[in-house]
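Each value in this text was obtained by applying a stated rule to the coordinates, not by laboratory testing. Values in this document were obtained by computation on a predicted structure and should not be read as measured data. All Cβ positions, even for glycine, are placed from backbone atoms using ideal geometry, and neighbour counts span all protein chains on display.
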Amino acid sequence: MSMDEFDGELWNEYQWEAHLDEVEKKSEQLRKFIESDVKGSVPRWITLLKESLSEDDAFEAYVEEELLMDEAYFPEDDDDWEDDDEFDEEDFLFGADELDEFADNDDNFDAGEEWKGLSEDFALSDNGSLDNLGLFRDTRFYAVDVLKWAENVDAQLYNKAFLEFVGDSLKIGAKLAGGYSFGFEQEFLGANIAYTKKALKYANQSLEYIQKLKNSPYFTKSSYGEFHGRLFELRNDIGIYVQELRDRFNTQID
């Protein structure tokens with residue numbers, strides 16, 4: 001990615017957010033163009049569930065597709081990536097396989113390095129792994145449980161609130177992953193914040209939709225309480241994470 005697109009100016013979260021809004025519009029158009037469901041009547045998560053072996057696989061595929069759609073509209077700097085041909089997006093998103101490789105080699109990977117690689121603090125760096133970010137793990141577990149729950153709902157009972165609730169629950173993780181992909185360096189930290197704010201937006205929307213479904217046949221009293229409680233806590237944690245990223249951005253400026 002090149003900063004030439006942005007005239008060498010250090011963008012804050014609001015400038016990145018405006019750019020991201022345009023990216024989302026274009027990626028949505030691209031999605032409708034390449035998908036077989038031209039009318040968009042079948043939510044993507046339903047198709048992925050049918051194609052995947054598990055709900056976890058469906059979530060991974062959903063997040064990866066969302067990132068690829070957005071990535072098509074961000075400029076790339078060939079000089080930055082020409083030596084990175086072996087980069088594996090799946091390793092970045094869903095586990096640090098390199099940790100396993102080094103763990104088998106005592107010369108390259110000692111107990112101290114292993115602890116650092118798995119720690120939350122190390123996850124908040126450009127050398128960390130998204131799957132070591134506790135907030136993303138919580139989001140992922142929640143989204144997978146939502147998919148498991150949604151699979152047991154009769155398709156004849158689907159309504160707008162139900163479909164939007166499930167879709168937005170998945171988008172929370174996709175936006176967190178999008179932000180994390182930009183890293184924590186000063187020049188792109190604003191993009192990380194902007195994406196994370198999108199995750200917060202979808203968490204808030206999900207809360208609105210689940211509240212509309214409270215007395216629906218989709219939930220028992222206990223299942224509603226569990227999902228609502230987890231989503232409420234997740235929303236709050238994302239809000240705290242946004243502020244932590246802002247503090248980091250402002251500290252680096254000072």
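The modelled label-to-label distance between residue 159 and residue 22, using points 7 Å beyond Cα along the C-beta direction, is 3.9 nm.
For segment 135-145, the Karplus equation 6.51 cos²θ - 1.76 cosθ + 1.60, evaluated at θ = phi - 60°, returns couplings of 4, 5, 4, 4, 5, 5, 4, 5, 4, 5, 5 Hz by residue, with Gly and Pro reported as x. Taking 28 Å as the cut-off for C-alpha to C-alpha distance, list the pairs among 25/214; 175/221; 160/198; 148/171; 26/212 that go past it. As for pairs spanning more than 28 Å Cα to Cα, those are 25/214; 175/221; 26/212.
Ranked for footprinting exposure by Cβ neighbours inside 10 Å, fewest first, 251, 196, 47 give 251, 47, 196.
Based on a Kirkwood Rh over C-alpha pairs, give the Stokes-Einstein translational diffusion coefficient of segment 143-185 at 20 °C and viscosity 1.002 mPa s in µm²/s. Approximately 182 µm²/s, per Stokes-Einstein.
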